Amino acid sequence: MKNIFIFAVILLGLGIIGWYLPKSSVDPAEVEFNESGRAKAVESETDLWQFYENKDAGFTLKYPHSVSFGDEEGNLSLRIKVTKIDDLDYPGFDKEDVLKDIESLKNNQLTENSGQYWGLTLSEKVRDLGKLNGQEHMVLSRFEICDVTFERTLFFYNNDYLTVITLEEAKSNIIDNLPQYFTVNEENCGTEAIWEFEKQDQFYEELEAGKSFFTAQEWFDTFNKIVDTIEIAEVEEAKTYSQLIEGTWTSLDDENSVIEFKDGMKVDIYSGEEMSNYEFGFYDSIPVDEDSIKKDTAKYLVVETTDGVFEYEVAELTKTTLNLIYLPRGNILKYKK
């Protein structure tokens, strides 16, 4: 009996020890899954965010689930507006202004036309997006003294599109918690709180320093995190000058004069009426015979007509600019797409 009791105690002791000792056995299937690469660790909070893609404008971004999108209602609201550059029709802001803005951003400079966005001057900055630059700003009011707005905006140009990204915070979430920046003008605005305008720069500086009240700081910081997720897609450039020149070009000297390149044909149009339609080609030298030249290169444009062969030296050919030197006279013909 005594031996049985001792044996039972030993078994119980071994059981207790086994319970507390680390388990040495691991499920082989779990090991295989973890080592296969199919299990991806969450490295950043943005890995769990919602995904947005615009193939026309050539970019993607992510935004948190706490942010409403588009027409959805919420405290933090994200809006994305994408407009083809050719369709821009803002008063005092046309295609020529856009081209100037694009050049400014390429040179890491603020655009000349940012005033149209009502941005706080202190908040205007060039933002590095990797493959290109954008410009950001904060909008605190528009149009008249009674308006109070909380928007952070980024705009950039890509793929011949203007993209404007805006994150807005509900007014009450900031005004109620930061009353020191606001006042009342009953004569013009009733009892609604309006800005102490001379304090707007201070409001921005505290946000940039990370020292503002929680709701305002969350809005400010969330915008930065969203912008940091932007990825500009790789754009496949036209592989040949024949592809690059395709489309309609308007003379900078006479807007009635238009040329169109399509399917290997050059069409001359004046005041909407087609004047001629002939084959064209690019060559690395003026053609003498088919075996002595390299076709589809950038140096010369040759158009064969019933009146003879017209030859042009290509001074510049980009997605938006075409400059040709007419040979042999040497006069320069300038066009924009």
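The values are calculated or read from the model by the stated rules, or taken from the named source; none is laboratory data. In this text, all values refer to a predicted model and were calculated from it rather than measured experimentally. As a convention, Cβ positions derive from the backbone with ideal geometry for all residues, glycine included, and neighbour counts pool all protein chains shown.
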Say whether the condition of being closer than 30 Å to LYS95 by Cα, modelled with pLDDT of 95 or more, surrounded by 13 or more Cβ atoms within 10 Å (Cβ to Cβ) and in contact with a helix residue (DSSP H, G or I) (Cβ under 6 Å, 6 or more places away or on another chain) is met by at least one residue in the range 210-220.
no
Among the residues of the range 248-256, are any out of contact with any strand residue (DSSP E or B) (no Cβ under 9 Å at 6 or more places or on another chain) and over 30 Å from GLN50 (Cα atoms)?
yes
Go through the range 46-96 and report how many residues are outside any loop (DSSP other than H, G, I, E, B) and touching a helix residue (DSSP H, G or I) at 6+ places or on another chain (Cβ under 9 Å).
12
Conditions (1) surrounded by 13 or more Cβ atoms within 10 Å (Cβ to Cβ); (2) among the hydroxyl-bearing types (Ser, Thr, Tyr); (3) not in a strand (DSSP E or B): number failed by THR248
(3)
With the first residue restricted to the range 245-258 and required to be assigned by TED's automatic domain parsing to the domain that holds ILE325, and the second required to be among the acidic types (Asp, Glu) and surrounded by 14 or more Cβ atoms within 10 Å (Cβ to Cβ), Cβ contacts under 9 Å at 6 or more apart or on different chains are GLU246/GLU260; GLY247/GLU260; THR248/GLU260; TRP249/GLU260; SER257/ASP268; VAL258/ASP268
Give the residue, chosen from LEU154, LEU122, LEU162, LEU105, that is part of a helix (DSSP H, G or I), touching a residue at least 60 places away in the same chain (Cβ under 8 Å) and in the same structural domain as ASN188 (by TED's automatic domain parsing).
LEU122
Inspect all residues belonging to the range 181-194 and state whether any of them is without any contact (Cβ under 8 Å) to a residue 40 or more places away in the chain and surrounded by 15 or more Cβ atoms within 10 Å (Cβ to Cβ).
yes
Looking for something without any contact (Cβ under 8 Å) to a residue 24 or more places away in the chain, out of contact with any Pro (no Cβ under 7 Å at 6 or more places or on another chain) and part of a helix (DSSP H, G or I) - is there at least one such residue anywhere in the range 169-177?
yes
If a residue has to be of a type in the set (Gly, Ala, Ser) and assigned to a strand (DSSP E or B) to count, how many in the range 306-337 make the cut?
2
Go through SER212, SER251, SER257, SER242 for me and flag whichever is farther than 30 Å from TYR283 by Cα and either in contact with a Leu (Cβ under 9 Å, 6 or more places away or on another chain) or not basic (Lys, Arg) (or both).
SER212
Within the range 88-135, track down each residue that is closer than 18 Å to THR321 by Cα and either of a type outside the set (D, E, K, R) or under 17 Å from the mean Cα position of the chain (by Cα) (or both).
VAL98, LEU99, ASP101, ILE102, GLU103, SER104, LYS106
What is the number of the single condition among (1) in contact with a strand residue (DSSP E or B) (Cβ under 7 Å, 6 or more places away or on another chain); (2) part of a loop (DSSP other than H, G, I, E, B) that GLY210 does not meet?
(1)
Looking at the structure I just gave you, is PHE280 in the same structural domain as GLU124 (by TED's automatic domain parsing) and out of contact with any Phe, Trp or Tyr (no Cβ under 6 Å at 6 or more places or on another chain)?
no
